[in-house]
Amino acid sequence: MTNWQKDLPPIARERLARVGELTQEEKERMMDSEKVNSLLSEFYQGQIDPESLWNRLKEEGKPSLLREAQARLIDSLSFGDTPAELQRRRDGILAIETLKEEQNTPVVKLSLNLMEDLRKRYRAEIEQAYSHIRAEVERNPQLRVKQVQQGERTTLVQLTVDEAIKQLPQWQDFLSKHEGRYNQEFAEVVEKLKREPKSRTM
């Protein structure tokens, strides 16, 4: 076993044994991929912050590592991320961008800002719709009553306004369609951001 193979994690060594002898380029690619896996694993678990990620990648000094780490970070973005997690990943993506020879920080920032705008609009529209439906439920006492089957008897149960809203089909339908639309828009921005770095390195 050569020195470079000893540095690989056991899983990577097993993988290497299965695929047989690789070219030098393939070996380097595999090593780079494992380095990125290890680095991003630490980042996702909160063991290192965006600044530490920047320092570690700067020490490596390889453009291919920068591209792969940034692409993986972009791919990990999700509409369901907490604001804090989205901010960490955003900071990581921008930190990596500053290490590239050919930077396009304004375009990357624009896409990341658009993601944040989508999340703000999503929350604002939910609050507006909830407020509108709440007013309707408060005006109509019948909407705050629920029939519950208990054996052969049917009992009427009084609901709070919030409980009544959550069981309304129109509210459930709104939430489903609203979330689906914004998830799709968010995914489109992520795809655009993923294509952007590639277009600069081709």
Inset, instruction - Evaluate the range 75-84: report whether one residue or more is touching a Ser or Thr at 6+ places or on another chain (Cβ under 9 Å), in contact (Cβ under 8 Å) with a residue 12 or more places away in the chain, surrounded by 14 or more Cβ atoms within 10 Å (Cβ to Cβ) and outside the structural domain of Gln172 (by TED's automatic domain parsing). - result: no
Inset, instruction - Looking only at the range 130-158, count how many residues are in contact with a Leu (Cβ under 8 Å, 6 or more places away or on another chain), assigned to a helix (DSSP H, G or I) and in contact (Cβ under 8 Å) with a residue 12 or more places away in the chain. - result: 4
Inset, instruction - Identify the residue in the range 182-199 that is surrounded by 15 or more Cβ atoms within 10 Å (Cβ to Cβ) and hydrophobic (A, V, I, L, M, F, W, C) and, among all such residues, is modelled with the lowest pLDDT. - result: Leu193
Legend entry - Hits in the range 96-111 (condition: within 20 Å of Ser64 (Cα to Cα) and polar (S, T, N, Q)): Thr98, Gln103, Asn104, Thr105
Inset, instruction - Output the qualifying pairs, or none if there are none: Cβ atoms under 7 angstrom, residues six or more apart or on different chains, first residue in the range 50-72 and farther than 17 Å from Glu28 by Cβ and not assigned by TED's automatic domain parsing to the domain that holds Lys35, second residue surrounded by fewer than 18 Cβ atoms within 10 Å (Cβ to Cβ) and modelled with pLDDT of 90 or more. - result: none
Inset, instruction - Could you pull out every one of the helices (runs of 4 or more DSSP H) wholly within the range 30-129 that has 3 or more residues that are basic (Lys, Arg)? - result: 83-97
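The values are calculated or read from the model by the stated rules, or taken from the named source; none is laboratory data. Being a predicted model, the structure only gives us computed values, none of them experimental. In this analysis, Cβ positions are derived from the backbone assuming ideal geometry, glycine residues included, and neighbour counts consider all displayed protein chains.
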